[in-house]
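Asks: Let me begin by handing over the structure; questions about it come next.
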Amino acid sequence: MTAIATAVLGPTVRAALAAGGPAAVLGLAREARGPIVEPTGDPDRFEVSFVYADRRGPGRAGLFCPALPGGYLLLARLGAGLFAGTVTLPRAARVKYHFCPDPPEALDAEALFALAHSPTARRIDYLNPAVDQVRIRGLRLRMLESLLSLPGAPAAPPTAARPGVPAGRVEQFTIHSAALGRRKDVLVYLPPGYTECRGPWDVVLLLEGNEEWRATAFLDNLMATGRFAPFLAVLFADRGFTARLRDLANYAGHTRFVVDELWPLLAGRYAILDRPATVAGYSAGGLAAAALCLDEPDRFARLAVVSGALHLVPGTDFRRARPDTRLLERYAGAAVTPERVYLAAGQYEDAWEHTILEQTTELAAILRERGGAVRFDTGPTGHDTVSARAYLADALAWLLGG
């Protein structure tokens, strides 16, 4: 069995509990709209008190969060249906979390993994309006986790339209791909002011793990940062989650689809620059992006990999499989690598799966040893869509802005 940590309470929560009972602690959480965040004597650390209220009155409650040692904390019971626990986190932390009512008393590592990733055992923090959503449309599944962003967390362009920000537009067309053996719906974002006579335009291929960068308003706000010249963004409107992962993990087929089927259509429809393009990928999309730049370095010279699942292969069992290192081995032995590479991976990607950070660190070392221009950003962030957008903005500013 795994040793389970039991929560302690910070001084503010203890004082509220002593003065007004559980209702006073719940009042503090309501006022904070989620976790109670307070400064400490260290300007780089904050004290964070998580509070879980459940009218059904469970006898126990656990907190799952990759920023915790072991990823799990058994909360202290304050009263009927009210639980809390206080931890200290870096001021730049952004991390997902959720609660689990009535967890089993005995949990080994495998049971903790299963419980942490169960779509039915989790409860979001209903006091916190900030949530991270993963929508798997083909399975009609939507998984929500609460999101904590401390004051020093990296800012990201928002996904909602903002007054005064010029709007681009999105065009869609379909490719019946022989390389992938299925239909691919292509989305092309045209920035505000796009016309062929104002071109040619740079192109950035955005390979999402799910739908992290797709919102048109996000792309508008990204362009409005002014950190780089406007560009055409190319994405895919896949509805089948499993098919998307299969495409992204299919190195050879995905590369042939992009180079032989997609790019000639883009060049025929839009005024694009005749020079090497940029490709950025998140999660499983990071794997495909890195493979594409390795296969076609003359066509894709600038690469961004954000929280890249570089170890992903079809049929991967994340609990038992030994991490796949073939892509790293290919980079180590490649004759040519991309000219500029931006890498990002958070310290809180997953409490049970450290491969993303480890392999991103290893890839950065390989590229630096080969003398490439590499930037590697890491910090107390996790595998969430807000961090994905923040790192993308930094990546494009570094890859395109200079």
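Asks: Filter the trypsin sites (Lys or Arg not before Pro) in region 57-145 down to the DSSP loop ones having no more than 15 other Cβ atoms within 10 Å, then list what survives.
Replies: Numbers: sites: R60, R77, R91, R94, K96, R122, R123, R135, R137, R140, R142; in loops: R60, R91, R122, R140.
Filter output for region 57-145: R60, R140.
Asks: Can you run the Rg to Rh ratio on region 208-249? Use alpha carbon positions and the Kirkwood inverse-distance Rh. Before the final figure, lay out each step's value.
Replies: Numbers: Rg = 12.7 Å, Rh = 11.9 Å.
My calculation of the ratio gives 1.07.
Asks: Could you grab the relative contact order for region 37-162? Cα pairs under 8 Å, six or more apart, rounded to a whole percent.
Replies: Numbers: 215 pairs, mean separation 30.3, N = 126.
So the answer I get is 24 percent.
Asks: Short version: what are the Cα gyration tensor semi-axes of region 149-232, square root of 5 times each eigenvalue, largest first, in whole Å? Intermediate results must be reported in sequence, preceding the final value.
Replies: Details: eigenvalues 130, 73, 25 Å².
Here the semi-axes work out to 26, 19, 11 Å.
Asks: Given points 7 Å out from each Cα along the Cα-Cβ axis, report the R330 to E38 separation in nanometres with one decimal.
Replies: Result: 5.2 nm between the two label points.
Asks: On to the next question. At A237 and D274, where each label point lies 7 Å from the Cα along Cα→Cβ, what is the point-to-point distance in nanometres?
Replies: 3.1
Asks: Suppose a student asked you for the relative contact order of the chain, using Cα pairs under 8 Å spaced at least 6 residues apart; what percent would you report? Present the calculation step by step, with values, prior to reporting the outcome.
Replies: Details: 838 pairs, mean separation 56.7, N = 402.
Averaging sequence separation for qualifying contacts and normalising by length gives 14 percent for the chain.
Asks: Roughly how big is the chain's charge dipole about its Cα centre, with Cβ charges of +1 (Lys, Arg) and -1 (Asp, Glu), in debye to the nearest 20?
Replies: On the way: 43 positive and 42 negative charges, 171 e Å.
Computed about the Cα centre, the dipole is about 820 debye.
Asks: Something else: What Kirkwood Rh does region 154-299 have if only Cα atoms enter the pairwise 1/r average? Answer in Å.
Replies: Details: mean 1/r = 0.0636 Å⁻¹.
Over region 154-299, the inverse of the mean reciprocal pair distance is 15.7 Å.
Asks: With all pairs of different alpha carbon atoms counted, what Kirkwood hydrodynamic radius in Å does region 83-199 show?
Replies: Result for region 83-199, one decimal place: 19.1 Å.
Asks: Looking at region 321-392, which GluC sites (Glu not before Pro) are in a loop (DSSP not H, G, I, E or B) and have at most 16 other Cβ atoms within 10 Å? Display every interim value, and only then the final one.
Replies: Details: sites: E329, E339, E349, E353, E358, E362, E369; in loops: E339, E349, E353.
Counting only loop positions with at most 16 other Cβ atoms within 10 Å, the GluC sites (Glu not before Pro) in region 321-392 are E339.
Asks: Subtracting the Cα-Cα distance from 0.36 nm times the residue separation, let me have the gained length for R14 to V259 in nm, one decimal. Working shown, then result.
Replies: Numbers: separation 245, 0.36 × 245 = 88.20 nm, distance 6.11 nm.
That pair, R14 and V259, stretches by 82.1 nm at full extension.
Asks: Same structure, new question: Helix-derived [θ] at 222 nm for the chain: sum -39500 (n - 2.57) over DSSP H runs of at least 4, divide by residue count, nearest 500?
Replies: On the way: 11 runs with 111 residues, N = 402.
For the chain, the value works out to -8000 deg cm²/dmol.
Asks: Additional query: Given the options P69, L144, A397, identify the residue whose Cα lies farthest towards the positive end of the charge dipole of the chain (+1 on Cβ of Lys, Arg; -1 on Cβ of Asp, Glu).
Replies: It is L144, whose Cα lies furthest towards the positive end.
Asks: Using the Karplus curve 6.51 cos²θ - 1.76 cosθ + 1.60 with θ = phi - 60°, work out ³J(HN,Hα) for each residue of region 370-381 in order, rounded to whole Hz, and write x for Gly and Pro.
Replies: With the stated coefficients, region 370-381 comes to 8, x, x, 7, 10, 10, 10, 9, 9, x, x, 10 Hz.
Asks: Highest GNM mean-square fluctuation, the chain, Cα pairs closer than 10 Å: which of W263, W213, W201?
Replies: Greatest mean-square fluctuation among the candidates belongs to W263.
Asks: Within region 169-400, what percent of beta bridges assigned by DSSP are antiparallel, to the nearest 5? Kindly include the intermediate steps, with their values, before the conclusion.
Replies: Details: 13 of 41 bridges.
If I count the DSSP bridges inside region 169-400, around 30 percent turn out antiparallel.
Asks: Return the distance in nm (one decimal) between the two label points of a simple spin-label model at D102 and T225, each offset 7 Å from Cα along Cα→Cβ.
Replies: 4.6
Asks: Then there is this: Compute the angle between helix 355-369 and the longest alpha-carbon principal axis of the chain, please, reported from 0 to 90 degrees and rounded to the nearest 10.
Replies: 40
Asks: Pop the C-beta distance of R60 and Q347 into the FRET formula with R0 = 25 Å and round what comes out to the nearest 0.05. All intermediate terms of the calculation are to be shown ahead of the outcome.
Replies: Working: r = 28 Å, r/R0 = 1.13.
Efficiency for this residue pair is about 0.30.
Asks: Compute the length gained on full extension between S118 and A92: take 0.36 nm times their separation in residues and subtract their Cα-Cα distance, giving the result in nm to one decimal.
Replies: Details: separation 26, 0.36 × 26 = 9.36 nm, distance 2.78 nm.
Working it through step by step, the gained length comes to 6.6 nm.
Asks: Share of Cα-Cα pairs in region 11-149 beyond 25 Å, in percent? Mind dumping the intermediate values first?
Replies: Numbers: 2507 of 9591 pairs.
Every Cα pair in region 11-149 considered, those over 25 Å come to 26 percent.
Asks: How long, wide and thick is region 273-402, going by the Cα atoms along their three principal axes, in whole angstroms, largest first?
Replies: So the extents along the principal axes, rounded to whole Å, are 43, 31, 25.
Asks: Let me check I've understood the local charge: for F46, count other residues with C-beta under 11 angstrom from its C-beta, Lys and Arg +1, Asp and Glu -1. What total comes out?
Replies: Working: positive: R45, R91; negative: E38, D42, D44, E47.
Computed value for this residue: -2.
Asks: Cβ under 11 Å from T6's Cβ, T6 left aside: what net charge do those residues give with Lys, Arg +1 and Asp, Glu -1?
Replies: +2
Asks: What does the convex hull of the alpha-carbon atoms of region 3-79 project to on average, in nm²?
Replies: Working: hull surface 23.4 nm².
Approximately 5.9 nm², given one-decimal rounding.
Asks: Next question, about the same structure. Quick one: what do you get for the chain if you divide its Cα Rg by 2.2 N^0.38 Å?
Replies: Working: Rg = 22.5 Å, N = 402, 2.2 N^0.38 = 21.5 Å.
That works out to 1.05 for the chain.
Asks: Please list 3J(HN,Hα) in residue order for region 290-296, calculated via the Karplus relation 6.51 cos²θ - 1.76 cosθ + 1.60 where θ = phi - 60°; whole Hz, with x for glycine and proline.
Replies: 5, 5, 4, 5, 6, 6, 10
Asks: Give me the angle, in degrees from 0 to 90, between the Cα long axis of helix 385-400 and the longest principal axis of the Cα atoms of the chain, rounded to the nearest 10.
Replies: For helix 385-400, the angle is close to 40 degrees.
Asks: While we're looking at this one, here's another question. Taking the radius of gyration and the Kirkwood hydrodynamic radius from Cα positions alone, what is the Rg/Rh ratio for region 169-400, to two decimal places? Each step should come with its number before you reach the end.
Replies: Values: Rg = 16.6 Å, Rh = 17.7 Å.
On the Cα set of region 169-400, Rg over Rh gives 0.94.
Asks: Which angle from 0 to 90°, rounded to the nearest 10, does the C-alpha axis of helix 22-32 make with the longest principal axis of the chain?
Replies: 30
Asks: Nearest 5 percent is fine: what portion of the DSSP beta bridges confined to the chain is antiparallel? Mind showing how you got there, number by number?
Replies: Details: 47 of 76 bridges.
Taking every DSSP beta bridge with both residues in the chain, the antiparallel ones total about 60 percent.
Asks: So if R0 is 22 Å, what FRET efficiency would T174 and Q133 give, r being the distance between their Cβ atoms, rounded to the nearest 0.05? All intermediate terms of the calculation are to be shown ahead of the outcome.
Replies: Numbers: r = 26 Å, r/R0 = 1.20.
My answer for the efficiency is 0.25.
Asks: Using a Gaussian network model on the chain with a 10 Å cutoff between Cα atoms, which of T12, T278, T337 fluctuates the most?
Replies: Taking springs between Cα atoms under 10 Å, the residue moving most is T12.
Asks: Would you work out the relative contact order for region 169-400, in percent, from Cα pairs under 8 angstrom that are 6 or more residues apart?
Replies: Computed over region 169-400, the figure is 18 percent.
Asks: Pull up the DSSP beta bridges for region 166-271 and report the antiparallel fraction as a percent, rounded to 5. Provide the component values of the computation, followed by the final result.
Replies: Numbers: 13 of 17 bridges.
Bridges in region 166-271 that DSSP calls antiparallel: roughly 75 percent.
Computed from the coordinates by the stated procedures, all read-outs in this text should not be read as laboratory data. The model shown is predicted, which means the values in this text are computed figures rather than measured ones. Every residue, glycine as well, gets a Cβ built from its backbone with ideal geometry; the counts of neighbours run over all protein chains shown.
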